Amino acid sequence: MIDTFLVPDKTVINAKGDGAAVDVSGAANRVFLLNLAISDIVEQESLDVSIYGSADGAAWTPKPLTNFPQKFYRTQHPLLLDLTSHKDVKFLRAHWEVGRWGRGSETPMFEFSVSIREVPSDILKEATAEAKALV
C-alpha cells in the first residue's frame, strides 16, 4: 500500500521546481488519492502543481498526467489520479511553478506538500457501485 509524499511535508519553495521520483510500480491498484496541502504563503502569489509520470524514473511524460487547479491561499485540495490507462507509468513526480505580483518582495514563498495514497480496491468497488446506482 503506497502512502507517502510526492513533495515532503512543510517544503518551502520560492521558484519553480520538481519533487523526487516516487516508485508506484508496487501498487496493487492504479488509483491514487493525491492531496495538495498549502500551509503558508505570502499575499498576491500563485502556485501551480502538476503530476508527471515515467516508465524509468528518468524520462518524463511531455504533458502532465493531471494537475491541481491554480491556488492562491492556504488550503487542502484532494485529487484522484487514475493510472489504469497508463500501464507504462512506474514513477510519479510533482512539478510546481510559482508566480508573484503586486507590492513588496517579488520573490514568492509557499510552504506546501503533496501526499499520495493508494486507494484500496474495496473502496473503489464500493464507490463504483454507488456511482452506478445514481445513474
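The values are calculated or read from the model by the stated rules, or taken from the named source; none is laboratory data. Nothing here was measured: the structure is a model prediction, and the numbers come from that model. Using ideal geometry, Cβ is built from the backbone for each residue, glycine included, and neighbour counts are taken over all protein chains shown.
For region 8-33, name all the residues that are crowded, with 18+ Cβ neighbours inside 10 Å, farther than 15 Å from Val98 by Cα and within 11 Å of the chain's Cα centre (by Cα).
Once the filter is applied, which keeps residues that are crowded, with 18+ Cβ neighbours inside 10 Å, farther than 15 Å from Val98 by Cα and within 11 Å of the chain's Cα centre (by Cα), region 8-33 yields only Phe32.
Which one of these is surrounded by 17 or more Cβ atoms within 10 Å (Cβ to Cβ) and either over 16 Å from Val24 (Cα atoms) or touching a Leu at 6+ places or on another chain (Cβ under 7 Å) (or both): Leu80, Leu92?
The match here is Leu92.
Suppose we filter region 1-21 for residues that are in contact with a Gly (Cβ under 9 Å, 6 or more places away or on another chain) and assigned to a strand (DSSP E or B); how many remain?
Of the residues in that region, 5 qualify.
Can you pull out the residues in region 34-52 that are more than 11 Å from the chain's Cα centre (by Cα) and part of a strand (DSSP E or B)?
Ile38, Ser39, Asp40, Ile41, Glu45, Ser46, Leu47, listed by residue number.
Rundown of residues vs (1) among the charged types (D, E, K, R); (2) closer than 29 Å to Ser85 by Cα, yes/no style:
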site: Ile2; (1), (2): no, yes
site: Arg30; (1), (2): yes, yes
site: Asn35; (1), (2): no, yes
site: Gln44; (1), (2): no, no
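Restricting to region 39-53, and then to whatever is modelled with pLDDT of 95 or more and surrounded by 18 or more Cβ atoms within 10 Å (Cβ to Cβ), can you tell me which residue is farthest from Val89 (Cα to Cα)?
Among residues in region 39-53 that are modelled with pLDDT of 95 or more and surrounded by 18 or more Cβ atoms within 10 Å (Cβ to Cβ), the one farthest from Val89 (Cα to Cα) is Val49.
Cβ-Cβ distance below 6 Å, separation of 6 or more or different chains: which pairs start in region 103-125 with a residue that is closer than 13 Å to Leu47 by Cα and end on one that is among the aromatic types (Phe, Trp, Tyr)?
As it stands, the answer is Ser113/Phe5, since those pairs meet every condition given.
I'm checking my understanding of the structure. Among residues of region 54-107 that are of a type in the set (Lys, Arg) and outside any loop (DSSP other than H, G, I, E, B), which one is modelled with the lowest pLDDT?
Arg100
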